[in-house]
Amino acid sequence: MRRFIAGTVTALAVLVSAGCGGGTSTSISTPSAAPTTGAPAPDTPTKAETGDTAKQEAFANALNAIDEDIVHGKAEKAYDRGRNQCDSIKNNPNDRTKLLDFTRQRFTSPDHPEGFPPATVEKILDAVRTHLCPS
């Protein structure tokens with residue numbers, strides 16, 4: 001039994017020294033860099049993110065052209081509201097009255113806590129359709 005244990009310990013020592021570069025001629029290849037998976041590096045935006053950024057910027061510019069208080073310095077929040085409005089458009093494609101009401105409720109600001117006037121709300125809805133959900 002002692003001989004078996006001693007042999008096992010010797011075999012383990014050889015394996016450990018081979019893995020640690022302990023002078024044996026056994027070569028173990030280690031990758032020099034992480035394998036590529038085809039995914040972009042974490043700092044690189046994907047096409048979808050770049051597209052969303054461009055959409056967000058175009059949408060914010062359109063809203064600011066209507067009234068800067070719609071975005072009031074929070075482009076991402078306005079974009080989220082617009083994306084939510086797309087769901088309403090999808091669910092009520094032919095009910096403009098309902099869509100205008102949803103738009104008025106959804107797009108508020110500190111100066112317009114109850115929503116914007118009807119003419120502005122119509123322009124907001126048109127901007128949502130043009131920039132975020134045209135189909």
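A few remarks follow.
- Among the residues of segment 110-135, those that are surrounded by 15 or more Cβ atoms within 10 Å (Cβ to Cβ) and within 25 Å of the chain's Cα centre (by Cα) comprise 124, 125, 127, 128, 129, 131, 132, 133.
- Subset of segment 105-127 that is in contact with a Ser or Thr (Cβ under 7 Å, 6 or more places away or on another chain) and among the hydrophobic types (A, V, I, L, M, F, W, C) - its residue that is farthest from residue 53 (Cα to Cα): 121
- Residue that is surrounded by the most Cβ atoms within 10 Å (Cβ to Cβ) [pool: residues in segment 73-93 that are farther than 14 Å from residue 58 by Cα and in contact (Cβ under 8 Å) with a residue 40 or more places away in the chain]: 85
- Considered as a group, the residues in segment 94-109 that are part of a helix (DSSP H, G or I) and more than 29 Å from the chain's Cα centre (by Cα) include one that is surrounded by the fewest Cβ atoms within 10 Å (Cβ to Cβ), and that residue is 97.
- Every condition in (1) at pLDDT 95 or above; (2) farther than 17 Å from residue 115 by Cβ; (3) in contact with a Ser or Thr (Cβ under 6 Å, 6 or more places away or on another chain) is met by residue 102 except one, and the failing one is (2).
The values are calculated or read from the model by the stated rules, or taken from the named source; none is laboratory data. Since the model is a prediction, treat every value here as computed from it, not as a measurement. Here the Cβ is made from the backbone with ideal geometry for all residues, glycine too, and neighbour counts use every protein chain on show.
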